[in-house]
Amino acid sequence: MKERLKEMQEALLTGVSYMLPFVIAGGILIAIGFAIGGYDIPSTVAMGGNFASTTFWLGKVGFGLMVPVLGAYVAYSIADKPGIAVGMVAGWMATDPWGVGQASGFLGALIGGLIAGYLVNLLKKIPVPAKLRALLPTLIIPVLGVWAIGLIMFYVVGAPIAAITTAMTNFLNGLSSGSLVILGIIQGCMLAFDMGGPCNKVAYAFALAAMDVENFAPMAANFVGSMAPPLGIAFAILIAKKKFNTAERNSLAGLFAGAFGMITEFAIPFAASDPIRVIPSIMAGSAVGCALSYLFGCTMRAPHGGLFVLFALNKPVMFLVALLVAGAVTAALLVVLKKDLPEEEAEEE
C-alpha cells in the first residue's frame with residue numbers, strides 16, 4: 001500500500017512539473033491582455049481583434065492545455081509513453097469539451113490520469129501473439145485505452161460531478177438571502193477548493209447571476225476569493241523559503257501575476273503536489289477574505305480582471321484590506337502546516 005501511495009504521489013508531482021509551464025505562460029499572457037485591454041477583453045475575438053485581445057486569447061490557449069497535459073503526464077509517470085494519449089484524453093474530458101455540465105477541472109484530470117495510468121498497465125498484460133506484439137503500444141492500447149477512459153470520464157466521473165454541481169448551485173442560491181458571513185465563508189471555500197473546477201464555477205456563476213439583478217457584492221467577494229490563493233502562497237514562499245523547492249520558489253513572480261490578474265489556477269501546482277496542507281490553507285484564506293468583503297460592503301461591477309479593474313470597485317482600499325488579510329491567513333497556515341524540506345529536496349527543480 002505504501003509503495004502504491006508513493007507511486008501515486010510521484011505521478012502527481014510529474015504531472016504538475018509538466019503542467020507548470022502552461023500555467024505560467026498562459027496565466028501571464030491573460031494578465032497582460034487584461035492590463036492592456038481592460039476588463040471586457042474576454043468579449044473580444046482573437047483574430048480580427050486587436051493586440052490586447054490576441055494576447056489574451058493566446059494566453060487562454062496555453063491555459064486551456066493545462067488540464068489535458070496534467071492528465072497525460074500523471075498517466076505517463078505510471079504507465080510510461082503508452083499512458084500519454086489515454087491520460088491526455090482523460091484530462092481533456094475533465095474540461096467538459098462538449099459543454100454538457102461535466103467539467104471536473106484539475107481534480108478530474110488528476111483522478112482521470114491515475115485511472116488512465118493503471119488502465120494502460122492492465123492493457124499491457126493482454127496476451128498477444130508474438131508477431132502482433134508490436135501493435136500493442138501503437139494500436140491496441142491507444143484504441144482500447146482512449147475508448148475506456150472516455151466512457152469512464154463521461155459516465156463515472158463526469159455524471160456525478162454534474163449532479164453535485166447542480167445541488168451546489170441550488171444550495172448557494174438558497175443562502176444568498178441569509179447571513180452574509182456564512183455566504184462569504186461558503187463562497188470562499190468553493191472558489192479555492194478546486195480552482196477552476198465545478199465548485200469554483202458554481203460560485204462564479206452565482207456572482208454573475210447576482211450582477212444581473214444589480215447586486216454587485218458577490219462579485220467583489222468572488223474577486224477576493226479567487227485572488228487570495230496565489231497571493232497567500234507567494235507570501236508563504238517569501239516568509240518560509242525552506243518549505244518550498246527551487247521550482248516552487250522560482251514561480252514567485254507567476255504567483256503574484258496570478259493574484260493581481262485574478263488567475264486562481266497559479267495555485268494548482270502547489271495544491272496538486274501537497275493537497276492535504278495546501279487546499280485547506282487556501283480555502284481558509286479565501287473564506288476569510290470573502291466574508292470580510294461582504295462585511296466591508298465591497299461591490300465590483302466588472303466580471304473579471306483582478307487589480308487591473310480596480311476602478312470598478314466602490315471601496316478599493318477596503319477590498320485590498322480583505323485581500324491582504326486573506327493572503328496572510330493562507331500564508332500563516334502554510335507556514336505552520338508545511339515542514340522544512342531536506343536540502344536535497346529543496347534544491348530539486
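Before we move on, is Glu265 open to solvent by 10 Å² or more (accessible area, probe 1.4 Å), touching a Gly at 6+ places or on another chain (Cβ under 9 Å) and modelled with pLDDT under 85?
Values: open to solvent by 10 Å² or more (accessible area, probe 1.4 Å): yes; touching a Gly at 6+ places or on another chain (Cβ under 9 Å): yes; modelled with pLDDT under 85: yes.
It is true that Glu265 is open to solvent by 10 Å² or more (accessible area, probe 1.4 Å), touching a Gly at 6+ places or on another chain (Cβ under 9 Å) and modelled with pLDDT under 85.
Only residues that are under 24 Å from Met219 (Cβ atoms) and either among the charged types (D, E, K, R) or at pLDDT below 75 (or both) were counted in region 149-180, giving 15. Residues in region 317-327 that are out of contact with any Gly (no Cβ under 7 Å at 6 or more places or on another chain) and open to solvent by less than 50 Å² (accessible area, probe 1.4 Å): Phe319 only.
Whether any residue in region 60-71 is open to solvent by 10 Å² or more (accessible area, probe 1.4 Å), under 26 Å from Met300 (Cβ atoms), of a type in the set (D, E, K, R) and within 14 Å of the chain's Cα centre (by Cα) is what I want to check. Yes: one or more hits. When region 99-114 is filtered for residues that are of a type outside the set (A, V, I, L, M) and within 14 Å of Gly64 (Cα to Cα), the ones remaining, listed by number, are Ser104, Gly105, Phe106. Kindly indicate whether any position in region 304-313 is open to solvent by less than 10 Å² (accessible area, probe 1.4 Å), closer than 18 Å to Met195 by Cβ and touching a residue at least 24 places away in the same chain (Cβ under 8 Å). For region 304-313, residues open to solvent by less than 10 Å² (accessible area, probe 1.4 Å), closer than 18 Å to Met195 by Cβ and touching a residue at least 24 places away in the same chain (Cβ under 8 Å): present. Among the residues of region 181-210, the ones that are open to solvent by 30 Å² or more (accessible area, probe 1.4 Å) and either modelled with pLDDT under 80 or within 14 Å of the chain's Cα centre (by Cα) (or both) come to 7 in all. Being within 30 Å of Ser43 (Cα to Cα) and open to solvent by less than 20 Å² (accessible area, probe 1.4 Å) is not true of Gly117.
The values are calculated or read from the model by the stated rules, or taken from the named source; none is laboratory data. Being a predicted model, the structure only gives us computed values, none of them experimental. All Cβ positions, glycine included, derive from the backbone under ideal geometry; neighbour counts span all protein chains shown. All accessible areas refer to the heavy atoms of the entire protein, side chains included, with ligands and DNA or RNA removed. Shrake-Rupley method; radii C 1.70, N 1.55, O 1.52, S 1.80 Å.
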